[in-house]
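The values are calculated or read from the model by the stated rules, or taken from the named source; none is laboratory data. This is a predicted model, so every value here is computed, not measured. Cβ: placed from backbone, ideal geometry, glycine included. Neighbour counts: every protein chain shown.
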Amino acid sequence: RAFYSLNHGPDKIVFLNGAYILRQPQAEVRLPGCRPIYGRQMDEMMIPFREMRINISEFAAFKAASFFNPDAMDLTPCNKQLVAEERLKYLTSLFNMIVAQQ
């Protein structure tokens, strides 16, 4: 959903339905069970994605590669290998998309 958010600058994510996330007030809002990651999402993902002008296919490949995390704590060694192989498929796809644009 954040990929489709409107660009209102580096300190605000605005969704299509009008909902928004601000960077500063998040330090004051604490929800049980939720980590305050909105600032990191903006700094480490949304701002660079917008600067690079990635397309939906690149975003989907990135998201899939992020989902398949072989370092997840509850995976067996065998499953870690399977997850790593699956992640490599998406990273390879992302690499090929980037190279094709050059």
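If I filter the range 69-90 for residues that are closer than 17 Å to Phe49 by Cα, surrounded by 10 or more Cβ atoms within 10 Å (Cβ to Cβ), out of contact with any His (no Cβ under 7 Å at 6 or more places or on another chain) and not assigned by TED's automatic domain parsing to the domain that holds Glu44, do I get at least one hit? No - not one qualifying residue is present in the range 69-90. Among the residues of the range 48-59 satisfying the criterion of being under 19 Å from Lys12 (Cα atoms) and more than 11 Å from the chain's Cα centre (by Cα), which is modelled with the lowest pLDDT? Within the range 48-59, the match that is modelled with the lowest pLDDT is Arg50.
Here is a yes/no grid of residues against (1) among the hydroxyl-bearing types (Ser, Thr, Tyr); (2) within 19 Å of the chain's Cα centre (by Cα):
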site	(1), (2)
Lys63	no, yes
Phe68	no, yes
Asp71	no, yes
Leu75	no, no
Lys80	no, no
Glu86	no, yes
Tyr90	yes, yes
Ser93	yes, yes
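Taking each residue of the range 73-96 that is among the small types (Gly, Ala, Ser) and looking for partners that are part of a helix (DSSP H, G or I) with beta-carbon atoms closer than 9 Å, six or more apart or interchain, yields Ser93/Ser57; Ser93/Ala61; Ser93/Ala64; Ser93/Ala65.
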